[in-house]
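Let me begin by presenting the structure, written as structure tokens, before commenting on it.
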Amino acid sequence: MKKAQDRFKSLNDAIDHKDGLIVQHYQGKIAAEQRVIMVADAVSENQLIKEANEQLTRQLADANTELESLREQSRELAPTSPEPVQLLDRLQGKLPNSTASLRDVEVILELLSGE
């Protein structure tokens with residue numbers, strides 16, 4: 001009877017050991033699959049980031065193009081100031097007794113332009 005019990009215990013120990021090996025094997029497989037999934041997720045996320053970056057780069061280029069266009073339009077629409085001599089002539093035409101000098105007109109233009 002003792003021999004049967006020892007044999008039974010030995011078989012149980014062998015089964016437990018084999019079960020442990022199987023568990024380790026599948027845990028290793030699961031860990032490997034999880035790593036594959038993590039890498040696939042990282043690749044997918046990297047692709048999304050790359051696409052978003054490309055889209056933002058295009059939007060920035062479009063915005064810069066639009067900004068340059070608006071600057072050009074602004075330059076085209078900006079009023080051109082007459083020369084100080086012309087302004088002095090016009091002033092003396094309206095106010096013949098004016099004592100304003102060419103330098104006075106130049107200073108007034110500088111003040112108006114914010115310099």
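The values are calculated or read from the model by the stated rules, or taken from the named source; none is laboratory data. Keep in mind it's a predicted model, so treat the numbers as computed, not measured. Using ideal geometry, Cβ is built from the backbone for each residue, glycine included, and neighbour counts are taken over all protein chains shown. Quick note on the areas: whole protein, heavy atoms, side chains included, nothing else; ligands and nucleic acids left out. Shrake-Rupley method; radii C 1.70, N 1.55, O 1.52, S 1.80 Å.
A few comments on the model shown:
- All positions within the range 47-97 that are part of a helix (DSSP H, G or I) and in contact (Cβ under 8 Å) with a residue 24 or more places away in the chain: Pro84
- Residues located in the range 98-115, provided they are open to solvent by 100 Å² or more (accessible area, probe 1.4 Å) and assigned to a loop (DSSP other than H, G, I, E, B): Thr99, Glu115
- Qualifying residue in the range 72-89 (condition: open to solvent by 100 Å² or more (accessible area, probe 1.4 Å) and of a type in the set (Ser, Thr, Tyr)): yes
- Qualifying residue in the range 15-30 (condition: more than 30 Å from the chain's Cα centre (by Cα), within 30 Å of Glu110 (Cα to Cα), surrounded by 10 or more Cβ atoms within 10 Å (Cβ to Cβ) and modelled with pLDDT under 90): no
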